[in-house]
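Participant: Here you go, one structure.
The values are calculated or read from the model by the stated rules, or taken from the named source; none is laboratory data. On a predicted model such as this, the values are computed, not experimentally measured, just so you know. Neighbour counts are summed over all protein chains in view; Cβ atoms, including those assigned to glycine, are modelled from backbone coordinates with ideal geometry. The protein model used for the area step is the full one, side chains on, heavy atoms only, and it has no ligands, DNA or RNA in it. Shrake-Rupley method; radii C 1.70, N 1.55, O 1.52, S 1.80 Å.
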Amino acid sequence: MPLMFQGKIKGIKPKQFDNVKTHILQFIEDKPDGSFDTIQIKVSSDVPMTEFKKEQTVSVPVLLASMDNQIYYRIDAEVYKQQLARR
């Protein structure tokens, strides 16, 4: 079973690296002390962006990577495509 992330999209940021277009879904996590953190999930070019809209609540399969004490998230494209095919 894949790791799932659920939240409301607060922003969608286009990004380009080596002529490959990707997007970043941005979420806000409220903390108990009244502050908040942002969570950014990379959407690779093989995931259809037509499925995502600002202020939409989504549940997406994610893969994690860790580097320099930071956690990076990206949508698991294969699992996501399987979910779309089942709809």
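Participant: Counting only helical runs of four or more DSSP H residues, what would the 222 nm mean residue ellipticity of the chain come to if each run contributes -39,500 (n - 2.57) and the total is spread over all its residues?
Facilitator: The helix-only estimate for the chain comes to -3500 deg cm²/dmol at 222 nm.
Participant: In addition: Hey, rough spin-label estimate for Ile12 and Ile24, points 7 angstrom out along Cα→Cβ, what's it come to in nanometres?
Facilitator: 1.6 nm
Participant: Now a separate question. Give me the extension gain from Lys53 to Ser66: residue separation times 0.36 nm, minus the current Cα-Cα distance, reported in nm with one decimal.
Facilitator: Gain on stretching Lys53 to Ser66: 2.0 nm.
Participant: Taking amide H positions as placed in the peptide plane 1.01 Å from N, state which residues far from Lys10 in sequence (5 or more) or on other chains have amide H under 5 Å from it.
Facilitator: Hits under the 5 Å cutoff: Gln26, Phe27, Ile28, Glu55.
Participant: Determine the relative contact order of the chain: mean sequence separation of Cα pairs under 8 Å and six or more apart, normalised by residue count, in whole percent.
Facilitator: Normalised by residue count, the contact order of the chain is 30 percent.
Participant: Within the stretch 15-87, how many lysine pairs that are 8 or more places apart, or on different chains, have C-alpha atoms less than 18 Å apart?
Facilitator: Qualifying lysine pairs in the stretch 15-87: 9.
Participant: Same structure, new question: Going highest first, how would you order 12-19, 35-42 by mean Cβ packing within 10 Å?
Facilitator: On the way: 12-19: 9.4, 35-42: 13.5.
Ranked from most to least packed, the peptides come out as 35-42, 12-19.
Participant: Show me, bin by bin at 5 Å from 0, the whole-percent P(r) of the stretch 14-56 based on Cα pairs.
Facilitator: Binned Cα distances yield the sequence 5, 18, 24, 19, 13, 10, 6, 3, 0.
Participant: Determine by what factor the alpha-carbon radius of gyration of the stretch 16-87 differs from 2.2 N^0.38 Å, reporting the quotient.
Facilitator: The value comes to 1.23.
Participant: Which cross-chain or sequence-distant (5 or more) residues have an amide H under 5 Å from the amide H of Thr22, H modelled 1.01 Å from N in plane?
Facilitator: Excluding prolines and chain starts, which carry no amide H, the hits are Lys15, Gln16, Phe17.
Participant: Quick one: putting +1 on the C-beta of Lys and Arg, -1 on the C-beta of Asp and Glu, what dipole do you get for the chain around its Cα centre, in Debye to the nearest 20?
Facilitator: My answer is approximately 400 debye.
Participant: Also: Cα to Cα, under 16 Å, and not fewer than 8 places away if on the same chain: which aspartates and glutamates meet these conditions relative to Lys8?
Facilitator: Glu29, Asp30, Asp37, Glu51, Glu55
Participant: Also, I was wondering about something else. May I ask you to give the percent of accessible area on the chain that is carbon plus sulfur, with a probe radius of 1.4 Å?
Facilitator: Values: 3240 of 6420 Å².
Using a 1.4 Å probe with all protein chains present, the chain comes out at 50 percent carbon and sulfur.
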